[in-house]
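Quick notes on the structure that follows.
The values are calculated or read from the model by the stated rules, or taken from the named source; none is laboratory data. None of the values given here were measured: they were computed from a predicted structure. Here the Cβ positions follow ideal geometry from the backbone for every residue, glycine too, while neighbour counts run over all protein chains shown. Just the protein is used for accessible areas: all its heavy atoms, side chains included, with ligands, DNA and RNA removed. Shrake-Rupley method; radii C 1.70, N 1.55, O 1.52, S 1.80 Å.
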Amino acid sequence: MKAAIISDIHSNLEALQAVIKDIKKKRIKKIFCLGDIVGYGANPNECVELCTKEADIIIAGNHDWATIDKTDYKKFNPIAAEAIRWTRNNINQHNFKQLQNLKLTRSTQELCFVHSTPGNPEKWNYLFTLKDFQNQFPNFQEQICFIGHSHVPSAVFQDANGYTDFLRDNPFPIIKNRRYIVNVGSVGQPRDLDPRASYAIYDGNRKYIEIVRLDYNILLAQRKILDSGLPEFLADRLMVGK
Ligand SMILES: [Fe+2]
């Protein structure tokens, strides 16, 4: 199986369209979406509709659950909370219901999908350090767990003897008896100082994973945010990727 894994679209239609176009150009038939379809950007409805149409599996992110009141958005920072209030006021009933259908985790035989962490996903914890990643390996059974949430693409492996480290190659091979946690980065609001949209390709036949970065029309996404009355900071950060 060859698949694209996308996450953290955050209502950025321009980034999502660029990513889907690239996936189709590469003739990848399966798309798995790790959540945070909405929040921050100006096109929540269009992004829910496009994800629902194109993705084979979609799971919930904290901004999706905050929009439908399953997670308390008052714990969000003030700008994120304002974007949730804006999203609630602008999402239509049909798309609201689509978000209500999303579960926290899904898996195939060899792959696990979760927005934040495989252990206690409803707590929305972040994985940044090697120790953070290491602690999560006992919490899933599959060989590979794909995550999002931090908006920072990264990959960590663990060998059968427990040795764990970050992977620095891209693409990197999938090796037998080695397990992986892969953060696919963010389609619509990257935070690793690279403003290009991020997604991952998983190739189970040729046994590799690749993080792909793509240019998209940032100026248009910024213009829509400013015109919609969302906080200016949400437009500014797209250009710097942070
Ligand atoms: Fe996110």
Item checked: Enumeration of residues in the range 34-63 that are in a loop (DSSP other than H, G, I, E, B) and more than 14 Å from the ligand (Cβ to nearest atom) -> ALA42, ASN43, ALA55, ASP56
Checklist line | Filtered residues of the range 111-133 (kept if in contact with a strand residue (DSSP E or B) (Cβ under 7 Å, 6 or more places away or on another chain) and either part of a helix (DSSP H, G or I) or open to solvent by 60 Å² or more (accessible area, probe 1.4 Å) (or both)) | finding: PRO121, LEU130, PHE133
Checklist line | Subset of the range 34-57 (residues that are open to solvent by 10 Å² or more (accessible area, probe 1.4 Å) and more than 16 Å from ASN90 (Cα to Cα)) | finding: LEU50, THR52, LYS53, GLU54, ALA55, ASP56, ILE57
Next item on the list: For the range 157-173, indicate whether the set of residues that are within 16 Å of the ligand (Cβ to nearest atom), open to solvent by less than 80 Å² (accessible area, probe 1.4 Å) and at pLDDT 95 or above is non-empty.
Entry: no
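Rundown of residues vs (1) over 18 Å from GLU210 (Cβ atoms); (2) in contact with a Leu (Cβ under 6 Å, 6 or more places away or on another chain); (3) open to solvent by 30 Å² or more (accessible area, probe 1.4 Å); (4) within 11 Å of the ligand (Cβ to nearest atom), yes/no style:
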| residue | (1), (2), (3), (4) |
| --- | --- |
| LYS2 | no, no, yes, no |
| LYS21 | no, no, yes, no |
| PHE32 | no, no, no, no |
| ILE68 | yes, yes, no, no |
Margin query: I want to confirm something. Restricting to the range 134-155 and keeping residues that are under 25 Å from PRO190 (Cα atoms) and surrounded by fewer than 18 Cβ atoms within 10 Å (Cβ to Cβ), which single residue is nearest to the ligand (Cβ to nearest atom)?
Written below: ASN135
Check: Can you pull out the residues in the range 176-206 that are within 14 Å of VAL19 (Cα to Cα) and not β-branched (Val, Ile, Thr)?
Finding: GLY185, SER186, GLY188, GLN189, PRO190, PRO195, ARG196, ALA197, SER198, TYR199, ALA200
Checklist line | Pair list, Cβ under 6 Å, 6 or more apart: the range 1-14 residue among the acidic types (Asp, Glu), other residue away from the ligand (no atom under 16 Å from the Cβ) and assigned to a helix (DSSP H, G or I) | finding: GLU14/LEU220
